[in-house]
Structures are given as C-alpha cells and as structure tokens.
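The values are calculated or read from the model by the stated rules, or taken from the named source; none is laboratory data. Keep in mind that this is a model prediction, so the values were computed, not measured. Note: ideal-geometry Cβ built from the backbone for every residue, glycine included; neighbour counts use all protein chains shown.
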Amino acid sequence: MTTSAGIVIVGGGLAASRTAEQLRKAEFAGPITIISDEDHLPYDRPPLSKEVLRAETDDVALKPAEFYAENDITLLLGSGATKLDTAAQTVTLANGDVIGYDELVIATGLVPKRIPSLPDLEGIRVLRTFDESLALRRHADSAERAVVIGAGFIGCEVAASLRKLGVAVTLVEPQPAPLASVLGRQIGDLVARLHRAEGVDVRCGVGVTGVTGTGHVEKVVLSDGTELDADIVVVGIGSRPSTDWLDGSGIAVDNGVVCDSAGRTSVPNVWAIGDVASWQDVSGHQVRVEHWSNVADQARTIVPTMLGGEAPSTVVVPYFWSDQYDVKIQCLGEPEADDVVHVVEDDGRKFLAFYERDGAVVGVVGGGMPGKVMKQRSKIANGVPIADVLPTP
C-alpha cells in the first residue's frame, strides 16, 4: 500500500497538467500527485487526430519530465484510479495502491463511445489516446480504403488526415450534414463541401447496421443496404465522461461530475475540471464544455478557490477550433444548431457566419478566417444586436 497526502489529481491530460501548474504558480508548497492510467507524461490530445496520425510529430507532452521533477510533482503513471472512498479520502489504483488526499481533483476527461453490435475485428478503431492514434497510423500505412463512422469534429479531422495520407475515405453520418447537431445544417453543408472537394465520399442521413470480415474488417453495411469496402473503420460517434470509477463514492454525476461555479463537487474536498466536469454557469444551469480553451479558464478559477482565496471574476466567451485540411474552423461563443445562421462570407472554401438568438449575436463560426472570428469576442460577450455585426446591405 502506498499512502500520500496533499492535492491528488486524477487524469493524464491538459486539465491535470494545467491544474498542477497553476497550483505551483499560486505558491502552493504541499505535495501534488498526478495519477494516470496511461504510461505517457500528461499530453495534449488535439494533435492525435491530426499531426500524430499523419506522422508529423510524436511529441505531444504538455510539459517535459523535468518540469514535474523541478516542481516536486509526483507522477503515478500506468495504473489508473478504480475507486474513490470520500469518507477515508483515499483513491484506489488498478495496481492495488491506495493514495490518500487532502484535496482531490477529478480530471479524467472522456472515454469514446463504441458501437456494441460491431464484431471484434482487427481494423476497427476509436481515437482518444496517443497509443490509439499510433495504432491507427500503422493501419493507415497499408490501407487503401477507410470508413469513418460519425462526422463530428473527431470524425472530420480523422477523415482529413487519412485523405492526406492517401487513403480513400467514406464519411458516414446519420445527421443531414457533418457537425449538424453542433453547428446546424447550413455550416454542416459547407463542411461537407470542403471534404468532398478533397475527395471524401460524404454520406449523410444514413447509419451503419453492421461490419463484416474474417479476422479483419472487410465491409461496412449501411442502413440503406449499401456495402462499402474497408481496410479501416474509425468509430467517431462521440464520447462520454469518464466517471465509472466514481460509482459508490457519493459524488453526484449527471452527464459528468456535477460541480458548482468554482468546480466543487457534491462532496467536500473533491473538485472536478475539464471535459468530465459539469460546472454551473452564470444562469444556474449545469454545463459541461468539451473544449481545450475551457480548461485554462477553469484552472484559474478552481486553484485559488481550493486554496482559500477568491476566484477571478471574468466573462468567458467559449472558443474552440478544428483543423481540417488547410482550413482552421473556429467557433467563438455558444452557437446552437437551431439558431438563426447568417452566412456573411463564402468563397467556396473559406466562410464566415454569425449565429442569432432572440435578436442578439451569440456566436460566430469561420473557416479560414481567424482574424475576423476573434475580433467578435467582445460583441458576443455583450450580446449586441445581430444588426451590429452583419454587413451593411
């Protein structure tokens, strides 16, 4: 049995690394321990579907090993948390070790959803970890045809990367367009156009009913009866919060770990941050945000609060991006699929659109127009009338 104390962070991604970094910046001098089920240093996940998959880099560590050594941060890698005892304030690891804590930060992120009906065939992949990205890259080296199930951000990015590697790609999506459930049909159609221009066979409004093969995937059967040849099948149908290990802990879980506006969970001395955490927003609603930039904002809130101070009072405008081919798709604000969408620029590959709700601008999405997107931050934060951002007729 191993015992420890101080602040224990469970997770091996950006949320864990950033929390530890903020704690030391805040001059917390006590023990900090990071627990991860992966063998790698805490790393950045966005490159997995892009630069790592395309073999452009294998260096995704957020901080070098020296950072953790110099800041006296203990890394317990390769054995994840399996149980939380909030009464005893201990975390049990898969290897049997038991770690005590004074404060616990849950930063376990997401796990990819799978299709239970699919057979156990070589060549069927999900993409969430560094090792999964390397495995997919190895498959892509010898593959001719790939089917990507799900045209969300991960599915679209994987499709773009596989095309760059020379693999023929079919992108299958039950929604009427890629990203339609997030950004709406109009923008989804523009994203579909981008992929088709790169040679992707985009099939929307159709699902997958089966995958067949002998030992290795060979065909994908669609709901309209079509059979697609495939050497690789990538399942990109979304993810769910990694909370199974919290069963029986007393921690409230509802589409993520339920937190107040500063990251406190339903149990004292336990906090949650990042994709796994559902924080209360200014209107009192529980919101779980799966965006890279959100983690930095949460870390700047959770750390001073945990250490007994006051969190900074700032208005945060959510931001995320997705790199597909040579186009950076950026989203600022909180657009919803049923908002009124105003496409104000469209040159066939690049585009800019504003989202309107109740007469105000609530978001902007651009493809290949970074400057024009980011300059709208204050207008979205202040909820200005949509007429103030639309071009003059």
(message) Could you list, ordered by first residue, the pairs with Cβ atoms under 6 Å in which the first is in segment 165-193 and closer than 28 Å to A55 by Cα and of a type in the set (S, T, Y) and the second is modelled with pLDDT of 95 or more and buried (at least 23 other Cβ atoms within 10 Å of the Cβ), at least 6 apart or interchain?
(response) T170/V147
(request) Restrict the check to segment 51-71 and report whether at least one residue is in a loop (DSSP other than H, G, I, E, B), touching a strand residue (DSSP E or B) at 6+ places or on another chain (Cβ under 7 Å), closer than 30 Å to A135 by Cα and not aliphatic (A, V, I, L, M). (result) no
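Kindly indicate whether any position in segment 194-215 is touching a helix residue (DSSP H, G or I) at 6+ places or on another chain (Cβ under 8 Å), of a type in the set (K, R) and either under 26 Å from A296 (Cβ atoms) or assigned to a strand (DSSP E or B) (or both).
No, segment 194-215 contains no residue that is touching a helix residue (DSSP H, G or I) at 6+ places or on another chain (Cβ under 8 Å), of a type in the set (K, R) and either under 26 Å from A296 (Cβ atoms) or assigned to a strand (DSSP E or B) (or both).
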(request) Check whether at least one residue in segment 82-96 is more than 30 Å from H139 (Cβ to Cβ), acidic (D, E) and either in contact (Cβ under 8 Å) with a residue 40 or more places away in the chain or assigned by TED's automatic domain parsing to the domain that holds R128 (or both), and report yes or no. (result) yes
(message) Suppose the filter is assigned to a strand (DSSP E or B), crowded, with 22+ Cβ neighbours inside 10 Å and touching a Lys or Arg at 6+ places or on another chain (Cβ under 9 Å); does V91 pass it?
(response) yes
(request) Take segment 255-288 and flag every residue that is farther than 14 Å from T19 by Cβ, within 18 Å of the chain's Cα centre (by Cα) and assigned to a loop (DSSP other than H, G, I, E, B). (result) N255, G256, R288
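From the list S239, S223, which one is touching a residue at least 12 places away in the same chain (Cβ under 8 Å) and either touching a helix residue (DSSP H, G or I) at 6+ places or on another chain (Cβ under 9 Å) or not assigned by TED's automatic domain parsing to the domain that holds C156 (or both)?
S239
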(message) Being at pLDDT below 90, in contact with a strand residue (DSSP E or B) (Cβ under 6 Å, 6 or more places away or on another chain) and part of a helix (DSSP H, G or I) is the filter here; which residues of segment 289-318 pass it?
(response) S293
